[in-house]
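Novice: One structure, pasted below without further comment.
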Amino acid sequence: MEANDYCSYELSLALKKAGCNFYTDAVYLHRDRSLNDFSIALVSRWGNEEYHHAVPLWQAQKWLREKYGLHISVNPYVDSSNDADGRKCDEWQYWASDIMPVKTARTIAEVDEMYDSYEQALSAGIEAALQFLDNKNK
């Protein structure tokens, strides 16, 4: 797996706080406490350094679906703009995510951003789902 297949350090901590405690094949190593610099490494390389498990995006998505019945839907989109004469002058592709309960498949929250990759949109969807759960529990 590549580094972008894992949740960020901050999102991995938020997942752990929400009860998603997985032991994975990768960890975030704490390199420099003053700079708060973290880097991902395979477990076989971490030695005695302080570390936190890096949660794979798919595992976080599956955990939200199984534990809370929330599905993160990630979809590709193409949009365009037209000039004053109505001709297409620009086109862009992006990814976006929605959160929906598995039982109803109706969107309950949208992530209002456009992302360059599936992984970025999924990460944003996971973060939005955690915020949704946090707000629901208040």
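Novice: Once the piece of chain linking N4 and E110 is laid out straight, how much longer is it, given 0.36 nm per residue of separation minus the C-alpha distance between them?
Specialist: The span from N4 to E110 would gain 36.0 nm if fully extended.
Novice: Given a Förster distance of 30 angstrom, what is the FRET efficiency for Y23 paired with L133, based on the Cβ-Cβ distance and rounded to 0.05?
Specialist: Here the calculated transfer efficiency is 0.85.
Novice: Between D79 and R65, what is 0.36 nm times their sequence separation minus the Cα-Cα distance? Round to one decimal in nm.
Specialist: Taking 0.36 nm per residue and subtracting the Cα distance, the gain is 2.1 nm.
Novice: Check A109: other-chain or 5+ apart residues with amide H under 5 Å from its amide H, H built from backbone geometry?
Specialist: I99
Novice: What FRET efficiency do you get for L13 and W92 if R0 is 30 Å and r is their Cβ-Cβ distance, rounded to the nearest 0.05? Each step should come with its number before you reach the end.
Specialist: Numbers: r = 33 Å, r/R0 = 1.09.
Taking R0 as 30 Å, the efficiency between L13 and W92 is 0.40.
Novice: Okay, next question. Whenever you get a sec, line up C89, C20 from highest to lowest accessible area (probe 1.4 Å, protein heavy atoms).
Specialist: Correct descending sequence by accessible area is C89, C20.
Novice: On to the next question. Charges on Cβ only, +1 for Lys and Arg, -1 for Asp and Glu, centred on the Cα centroid of region 51-138; of Y68, M114, G86, which one is farthest towards the dipole's positive end?
Specialist: Most positive-ward Cα: Y68.
Novice: Nothing charged except the Cβ atoms of Lys and Arg (+1) and of Asp and Glu (-1): what's the magnitude of the dipole of region 62-138 about its Cα centre? Round to the nearest 20 debye. Please report the intermediate quantities before stating the final value.
Specialist: Working: 9 positive and 14 negative charges, 149 e Å.
So the dipole magnitude of region 62-138 works out to roughly 720 debye.
The values are calculated or read from the model by the stated rules, or taken from the named source; none is laboratory data. If you're wondering where the values come from, they're calculated on a predicted model, not measured in any experiment. Please note: Cβ atoms are built from the backbone with ideal geometry, for glycine as well, and neighbour counts cover all protein chains shown. Side chains included, ligands, DNA and RNA excluded: accessible areas come from the protein's heavy atoms. Shrake-Rupley method; radii C 1.70, N 1.55, O 1.52, S 1.80 Å.
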